[in-house]
Amino acid sequence: MTVETLALFSLACLMLAITPGPDMIYVLTRSIAQGPLAGLISVMGFAAGCTIHALAAAFGLAHLFQTSPLAYSLVQYAGAAYLAWMAYQTLRSPTLPFLNTGAAPKAALWRIFQQALIGNLLNPKVVLFFIALFPQFLDPAAGSVLTQTLTLVTVLNVIGGAVNGTIALLGGRFGVFMSRRPRFQKVQKYLLATVFAGLALRLAIGRSN
């Protein structure tokens, strides 16, 4: 792959990363409510999701979404339903597992990773990126498509991880401040549930960017 191709792709990745969307809001809210570690684990879940999207785009699954509006709509509404379910589960929970108050159980971290991964896979903004833009940077004549795919998705994850990781750390510091004030803990729970519900509504009415 040429330097020009990588530079242009890096710019596209940066624009995607800094554009406010469900992923950025999710990381910020997670880190505020549950500490910076929760935010960083979410970023890792997003990276895993992007890797799956990239492999799917490279080997033809993106063509299905491009040619079938119904398939894309199903992904969109599945994402909205999943976020609505997460909002419901958050409201049902008596408290949040505040990761910034001590060592987090591995099960809690694994659940956060899974939720971020599924949310990324069902995020129309990410799906559109891999349908419309990602395949344009793959050139079968330039060598192994798999190698090119892994190279590009690594660039995407490094840039996206840097942006969202910074947001997680900054949001986490604010979360530590709030966690030391017990009366704010209930507020944090409702904040997280409200964000999930708001993102679900946004996806359901088709306004995701």
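A count restricted to region 1-19 and to residues that are part of a helix (DSSP H, G or I) and either touching a strand residue (DSSP E or B) at 6+ places or on another chain (Cβ under 9 Å) or surrounded by 14 or more Cβ atoms within 10 Å (Cβ to Cβ) (or both) stands at 9.
Hey, could you check region 154-169 for residues that are in contact (Cβ under 8 Å) with a residue 24 or more places away in the chain and more than 14 Å from the chain's Cα centre (by Cα) and say which is surrounded by the fewest Cβ atoms within 10 Å (Cβ to Cβ)? Taking the candidates together, the pick is Leu169.
Pairs are defined by a Cβ separation below 6 Å, a sequence spacing of at least 6 or placement on different chains, a first member in region 118-140 that is under 16 Å from Leu6 (Cα atoms) and free of Cβ contacts under 8 Å to residues at least 60 places away in the same chain, and a second member that is of a type outside the set (Val, Ile, Thr) and crowded, with 18+ Cβ neighbours inside 10 Å; no pair meets this definition. Select from region 117-153 the residues that are of a type in the set (A, V, I, L, M, F, W, C), surrounded by 18 or more Cβ atoms within 10 Å (Cβ to Cβ) and farther than 12 Å from Ala54 by Cα and list them in ascending order. Across region 117-153, the qualifying residues are Leu117, Leu122. Here Thr147, Thr90, Thr166 are screened, and the one residue that is in a helix (DSSP H, G or I), modelled with pLDDT of 90 or more and either of a type in the set (Ser, Thr, Tyr) or closer than 26 Å to Phe59 by Cβ (or both) is Thr166.
The values are calculated or read from the model by the stated rules, or taken from the named source; none is laboratory data. All values derive from a computational prediction rather than experimental measurement. Positions of Cβ are backbone-derived with ideal geometry, glycine not excepted, and every protein chain shown enters the neighbour counts.
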